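See below for the structure under consideration.
Every number here is computed from the coordinates shown, using simple stated rules; none is lab data. Small disclaimer: the values here were computed from a predicted structure and weren't measured. Cβ sites come from the backbone with ideal geometry, for glycine too, and all protein chains shown count toward neighbours.
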Amino acid sequence: MIASSFTALFVAAVLGSFAARLWLATRQARHVARHRGEVPAAFAATVTTAAHRKAADYTLAQLRFGMLSSAFGAVVLLAWTLLGGLDVLNGALRELVLPHLGPMAYQLALLAGFVLVGAVIELPFGWYETFRVEQRFGFNRMSLGLWLADLAKGALVGIAIGLPLAALILWIMGASGGLWWLWAWLAWVGFNLVLLVLYPTVIAPLFNKFEPLTDETLSERVRALMRRCGFAAKGLFVMDGSRRSAHANAYFTGLGTAKRVVFFDTLLARLTPGEVEAVLAHELGHFKHRHVGKRLVGIFALSLAGLALLGWLAGQSGFYTGLGVTPHVDAPNDALALLLFALALPPFTFFVTPLMAQLSRRHEFQADAYACAQADGRDLARALLKLHEDNASTLTPDPWYVRFYYSHPPASERLAALPAPA
């Protein structure tokens with residue numbers, strides 16, 4: 001009875017989330033295609049028809065690819081669970097590894113095997129998105145060799161970081177009794193905080209070059225802005241983003257005294273010093289309003305709730321059998337529980353996406369208002385227009401799609417709250 005209830009809830013969530021994705025993507029595609037031929041009046045003086053059509057075509061290509069990925073993802077999810085894929089993998093590794101290397105090695109092998117199979121399944125989609133969708137619209141600048149090198153580096157970093165963390169979590173699950181989820185959560189929080197400190201100086205340089213900002217005029221302007229805002233950073237760096245993509249960005253990274261300001265070289269090549277200052281002021285607005293800290297607290301709170309739920313589910317045999325897996329009576333099922341939970345959770349959390357998106361959009365408006373107080377709002381408006389054009393962001397999204405997915409307000413709403421660019 002319990003197993004059938006788990007199965008029914010899971011199937012309903014998978015089908016419901018896929019149907020919602022399909023409906024939203026269809027609405028977005030129709031809305032963008034309908035408005036492809038004419039630039040909205042508010043942008044007629046600043047956006048060319050060619051740029052507007054490119055943005056529409058890019059959006060439609062992404063939507064088609066996204067719908068295909070979603071459909072394939074739903075099939076893979078059902079194959080792993082109700083169709084027995086995870087059960088087969090678990091049984092094979094249990095027979096091959098457990099008798100010879102013991103419970104911990106068997107469980108780590110199960111996690112590693114699952115990740116490896118999933119990565120191989122996703123590989124063609126990653127290749128197609130990079131070398132077909134992105135390249136078709138002039139955004140991809142990666143060679144196949146660089147793409148493969150990134151995959152290899154990512155795999156090695158994942159092994160170096162993921163395996164020790166997985167071993168620690170599995171040890172906690174087996175040694176801490178009924179409150180294992182609380183100790184596992186504390187370990188996970190500590191790991192993420194350490195990673196925030198190490199990422200800028202240890203991990204990110206494995207993939208990109210970071211050089212100090214050498215433009216003294218811009219550097220002094222940026223430092224003056226940070227002094228006005230009461231913000232301290234370890235340094236100002238330029239990242240070779242153009243090596244991989246034509247998309248432009250700027251961001252803060254790190255934690256505490258390890259914070260860095262990073263500009264994509266593509267951003268500096270496109271924006272004026274005043275526009276760069278305005279974009280940076282927007283990012284400082286997130287720190288001023290403590291958006292980053294609030295998001296971290298929110299993520300940690302949700303992860304605690306999720307692990308507490310898993311702590312209960314892991315002791316329910318119906319959780320396993322209802323999702324297509326037979327738990328073993330003489331071997332630990334901790335890794336199996338982690339994988340099943342990771343597979344089953346996304347279809348349910350999909351339905352809270354609009355709440356998180358709404359909160360994010362509110363934060364973006366607050367950061368824009370702060371930027372206008374610390375820099376020239378007209379520079380921010382000009383920068384946003386350039387970035388929308390450079391990133392081929394559609395100016396005519398479907399309102400329902402925006403409310404459900406958009407973490408940033410659409411250009412029309414965002415620019416309406418800013419001074420008009422001269």
For this session: Based on the mean of other Cβ atoms within 10 Å per residue, sort peptides 172-180, 317-325 so the most packed one is first.
Result: 317-325, 172-180
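Over the chain, what is the mean sequence separation of C-alpha contacts under 8 Å (at least six apart), divided by residue count, expressed as relative contact order in percent? Please report the intermediate quantities before stating the final value.
On the way: 471 pairs, mean separation 106.3, N = 422.
Here the relative contact order equals 25 percent.
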Exercise. How much length is gained if the chain between ARG27 and SER393 is pulled fully straight, taking 0.36 nm per residue apart and subtracting their Cα-Cα distance, in nm to one decimal?
Worked result: 130.1 nm
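Starting from the Cα coordinates of segment 1-407, work out the convex hull volume and express it per residue in Å³.
On the way: hull volume 60.3 nm³, N = 407.
Given the Cα convex hull of segment 1-407, per-residue volume reads 148 Å³.
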Exercise. So how strong a dipole does segment 1-407 carry about its Cα centre when Lys and Arg Cβ are +1 and Asp and Glu Cβ are -1, to the nearest 20 debye?
Worked result: 860
Problem set entry | Average projected area [Cα convex hull, segment 164-287], square nanometres | 9.3
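Quick one: if you take sqrt(5λ) for each eigenvalue of the C-alpha gyration tensor of segment 114-201, what semi-axes come out, biggest first, whole angstrom? The partial results should precede the final answer.
On the way: eigenvalues 245, 48, 26 Å².
In descending order, the three semi-axes are 35, 15, 11 Å.
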For this session: Please find, in a Gaussian network model of the chain (springs between Cα atoms separated by less than 10 Å), the residue of GLY377, GLY73, GLY230 whose mean-square fluctuation is greatest.
Result: GLY230
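How big is segment 28-77 by the Kirkwood estimate over distinct Cα pairs, in Å?
Values: mean 1/r = 0.0823 Å⁻¹.
It works out to 12.1 Å.
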For this session: Can you tell me how much longer the chain between TRP127 and LEU101 gets when fully stretched, taken as 0.36 nm per residue apart minus their C-alpha distance, in nm with one decimal?
Result: 5.8 nm
For this session: In nm, give the distance between the simple-model label positions of SER176 and LEU83, each being 7 Å from the Cα along the Cα-to-Cβ direction.
Result: 3.6
Exercise. Just for the Cα atoms in segment 99-162, what are the lengths along the principal axes, largest first, rounded to whole Å?
Worked result: 52, 20, 14
Seminar exercise, completed: Mean-square fluctuation maximum in Gaussian network of the chain, Cα pairs under 10 Å, restricted to HIS291, HIS100, HIS388, hits HIS100
Exercise. Out of segment 261-343, which trypsin sites (Lys or Arg not before Pro) are coil in DSSP terms and have no more than 12 other C-beta atoms within 10 Å?
Worked result: ARG290
Seminar exercise, completed: Along principal axes, largest first, the alpha-carbon spread of segment 54-207 in whole Å comes out as 57, 43, 29
Problem set entry | Cut-off under 5 Å, modelled amide H: who pairs with VAL238 long-range | GLU211, LEU213, PHE263
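Between ARG53 and LEU146, what length comes free when the chain is fully extended (0.36 nm per residue of separation minus the Cα-Cα distance, one decimal in nm)? Numbers along the way, then the final one.
On the way: separation 93, 0.36 × 93 = 33.48 nm, distance 3.04 nm.
Using 0.36 nm per residue and subtracting the Cα-Cα distance, I get 30.4 nm.
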